[in-house]
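Shown next, in structure tokens, is the structure this report addresses.
The values are calculated or read from the model by the stated rules, or taken from the named source; none is laboratory data. Being a predicted model, the structure only gives us computed values, none of them experimental. Here the Cβ positions follow ideal geometry from the backbone for every residue, glycine too, while neighbour counts run over all protein chains shown. Areas reflect the complete protein model, heavy atoms only, side chains present, ligands, DNA and RNA absent. Shrake-Rupley method; radii C 1.70, N 1.55, O 1.52, S 1.80 Å.
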Amino acid sequence: MKQATYLALLILVVGLPLFALADPVTEDQILTIGLTEEEKTRLHEIGMFHVTTAPPVGEIRNPAEWEPSTGVIIRYPLGISVSLVAEMSEDLTIWTIVTSAYEASAISAYTSGGVNMANTEFIIAATNSIWTRDYGPWFIFENGRQAITDPVYNRPRPLDDVIPQTIGTAWGINVYGMPLATPGGNHMTDGLGMSMSTRLVWDENDSLSHTEIANRMLDYTGNDFEVLEYIESGGIHHLDCWAKFLNPTTIMVKDVPTGSSSYALLNARADYLATQTSAWGQPYTIVRIYCPYGTAYTNSLILNDKVLVPIFGDAWDDDAIQTYEEAMPGYEVIGFTGSWLDDDAIHCRTMGVPDAQTLFVHHIPTVGIFDPNENRPISVEIEAYSDQPLIDDSLKIFFSVDNDPWDFAMLSATAVPDSFYGEIPAQPGAAEIAYYIQAADLSGRMETHPFIGAPWAHKFSYEVEPNEPPIIISPDSFLIQAAVLYGYCPEVSDPDDTVHTATYTNYPTWLAPQDDSLIGTPPFARELTGFDVEVSDGSASDTQHITLMVYICGDVDDNGENPNIADLTYLVAYLFTGGTEPPILEAANIDGQEGPDGMINIADLTHFVGFLFTGGPSPYCVLPWE
């Protein structure tokens with residue numbers, strides 16, 4: 001739709017006053033980052049001119065703020081200083097949304113303020129406000145091609161709401177209208193399929209279930225989605241007011257004075273996030289930044305190797321800059337003053353533009369403690385969105401051993417497209433490895449992982465972990481029946497090994513080793529014997545002496561003789577006249593059964609009498625099928 005036709009429709013349908021279209025400066029003076037009292041009466045107009053489309057198809061990725069950028073989107077009249085524009089224009093294209101009536105004014109301000117005009121482009125369009133983060137495009141990669149996801153702007157500001165469509169048309173890229181009201185400042189993505197918002201996204205889309213909201217976010221951005229409860233009791237409730245991803249496994253969280261109403265909630269939220277698992281498979285590292293009332297240090301902007309931080313001319317500015325420098329080694333951290341609020345600063349008023357031809361390097365860092373005598377495998381995915389071939393000689397794993405100079409190992413392609421493999425060689429005697437990955441393509445791009453390279457290199461430790469010795473935990477004595485097959489295999493506790501070797505010595509002749517067991521049938525004789533067993537994991541072992549008490553079934557008095565009348569007499573006395581308990585109760589369990597009145601009972605006596613006097617079956621203290 002042509003801009004003039006669209007503006008006419010807004011006048012006719014929405015009933016916007018003419019000054020809102022003709023004089024953005026006046027409109028900017030009226031509007032705030034939050035809803036004005038007048039806008040609260042027009043909530044039904046939110047999304048009136050939003051264009052909903054089907055979601056993108058295929059592999060969708062929503063890049064993170066720290067990924068390579070080629071530009072930044074702002075709006076004129078400015079919500080930031082010209083000096084900040086000049087800083088950004090040193091390296092990036094400044095895309096300025098401005099009406100034709102104010103284009104000359106913008107050029108004049110930029111020229112006199114030292115902006116690099118060679119890096120300046122204008123998007124001719126009317127806007128309602130300065131918050132390009134909140135109403136601007138959410139960039140995605142759709143099967144490696146740059147596109148835009150366009151949520152509904154959560155304000156009744158129709159000129160702002162259509163800016164993503166305007167940019168998509170101007171740049172010739174697909175725009176996918178997401179039927180979900182949510183501002184950009186309330187969306188934080190890690191570039192690897194995970195994103196977060198506050199519950200504002202639930203409250204402003206209350207006709208949808210939480211599952212429907214999560215599914216729309218997944219469909220249009222490719223992100224699994226976590227929603228966090230509010231921190232403040234009022235305000236705009238945007239996530240960038242109190243938190244910021246610094247890399248896929250590091251989150252900066254606002255810290256406040258102890259007397260603040262949000263002090264306990266922020267501490268609890270930081271503790272909660274520290275327990276969650278990042279896309280790199282590690283718990284998040286939480287960096288706290290002190291933000292006394294009226295400061296919004298988390299509302300910064302990462303652009304390539306720079307971090308642009310709002311400062312407020314107070315005593316805490318230097319501490320905030322230092323916090324960023326310590327948390328983000330290798331980045332240039334620069335502070336800028338402005339008309340900042342405690343819930344609105346640089347991040348809210350700018351929108352980075354990711355490089356459409358990014359060389360995307362994806363790797364899950366190796367963490368933990370490893371054996372220095374073994375090579376360490378490294379797997380990497382490298383995708384050139386430029387479609388230009390990779391430069392084979394550039395595909396390297398740079399590594400430093402215990403802070404020594406950097407060495408490198410090469411990456412080689414695997415059979416899987418965009419997949420590469422290499423190994424950090426074994427480093428006997430080393431304590432720590434730092435490493436990063438490098439790749440380049442014929443478009444002229446060279447990237448590292450992590451993004452900043454050596455200053456923020458991945459690290460893991462080397463140590464030959466102490467071996468946990470095996471411990472034999474099975475009993476060290478057994479009561480076994482004469483003439484009945486017996487087998488022994490030790491039960492072992494060993495948390496770091498599963499393969500063991502059992503060695504037997506000093507065992508009686510009727511026993512023989514078989515694999516890791518000792519098996520045999522004792523003769524029909526009473527015997528006190530045993531053997532020694534050693535269990536080894538190859539590095540350590542445990543030994544134990546096993547005692548075997550061999551008894552004869554029916555030898556109730558345990559004198560070593562075959563069952564006879566003396567044993568019967570002993571059993572009768574025990575059962576009926578208070579006689580002494582048999583030395584081995586199992587030997588007196590003539591029928592091999594346990595009845596309701598115990599192991600030894602009248603049934604054993606009956607069985608024994610039959611055996612001794614009427615040709616009945618022999619005693620079988622162990623049941624035949626055992």
Query raised in the report: Which pairs do you get when a residue that is in contact (Cβ under 8 Å) with a residue 12 or more places away in the chain, found in segment 595-615, comes within reach of a residue that is part of a helix (DSSP H, G or I) and β-branched (Val, Ile, Thr), reach meaning Cβ atoms under 9 angstrom, with the pair 6+ apart or on two chains?
Result: Leu605/Val572; Leu612/Ile565
**Report entry** strands (runs of 3 or more DSSP E) (entirely within segment 367-439) containing at least 2 residues that are charged (D, E, K, R) and surrounded by 14 or more Cβ atoms within 10 Å (Cβ to Cβ)
**Finding:** 376-384
Report summary line: If we ask which residues in segment 205-219 are surrounded by 14 or more Cβ atoms within 10 Å (Cβ to Cβ), in contact with a strand residue (DSSP E or B) (Cβ under 8 Å, 6 or more places away or on another chain) and free of Cβ contacts under 8 Å to residues at least 24 places away in the same chain, their number turns out to be 2
Query raised in the report: Do we find a residue being over 26 Å from Phe478 (Cα atoms), assigned to a loop (DSSP other than H, G, I, E, B) and out of contact with any Leu (no Cβ under 9 Å at 6 or more places or on another chain) anywhere in segment 596-608?
Result: no
Query raised in the report: What about Gly47, is it modelled with pLDDT under 95, of a type in the set (Gly, Ala, Ser) and surrounded by 19 or more Cβ atoms within 10 Å (Cβ to Cβ)?
Result: yes
Query raised in the report: Taking the stated definitions as given, is Tyr551 aromatic (Phe, Trp, Tyr), over 28 Å from Leu511 (Cα atoms) and crowded, with 20+ Cβ neighbours inside 10 Å?
Result: no
Query raised in the report: What is the residue count in segment 476-502 for residues that are more than 30 Å from Ala430 (Cα to Cα), open to solvent by 70 Å² or more (accessible area, probe 1.4 Å) and not charged (D, E, K, R)?
Result: 4
Query - Segments classed as strands (runs of 3 or more DSSP E), wholly inside segment 283-348, with at least 3 members that are open to solvent by 10 Å² or more (accessible area, probe 1.4 Å) - result: 285-290, 332-336
Query raised in the report: Quick one: how many residues across segment 52-65 are assigned to a loop (DSSP other than H, G, I, E, B), open to solvent by 20 Å² or more (accessible area, probe 1.4 Å) and within 17 Å of Leu192 (Cα to Cα)?
Result: 3
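Residue by residue, here is whether (1) more than 30 Å from Ala64 (Cβ to Cβ); (2) open to solvent by less than 40 Å² (accessible area, probe 1.4 Å); (3) in a loop (DSSP other than H, G, I, E, B); (4) free of Cβ contacts under 8 Å to residues at least 12 places away in the same chain holds:
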| residue | (1), (2), (3), (4) |
| --- | --- |
| Glu447 | no, yes, no, no |
| Pro455 | no, no, no, no |
| Phe460 | no, yes, no, no |
| Glu468 | yes, no, yes, no |
| Ser474 | yes, yes, yes, no |
Query raised in the report: Quick one: which of Glu527, Glu561 is within 30 Å of Ser618 (Cα to Cα) and open to solvent by less than 70 Å² (accessible area, probe 1.4 Å)?
Result: Glu527
Report summary line: In segment 349-366, anything part of a loop (DSSP other than H, G, I, E, B) and open to solvent by 20 Å² or more (accessible area, probe 1.4 Å) is listed as Ala356, Gln357, Ile364
Query raised in the report: Restricting to helices (runs of 4 or more DSSP H) lying wholly in segment 82-143: which have 3 or more residues that are open to solvent by 20 Å² or more (accessible area, probe 1.4 Å)?
Result: 82-89, 100-112
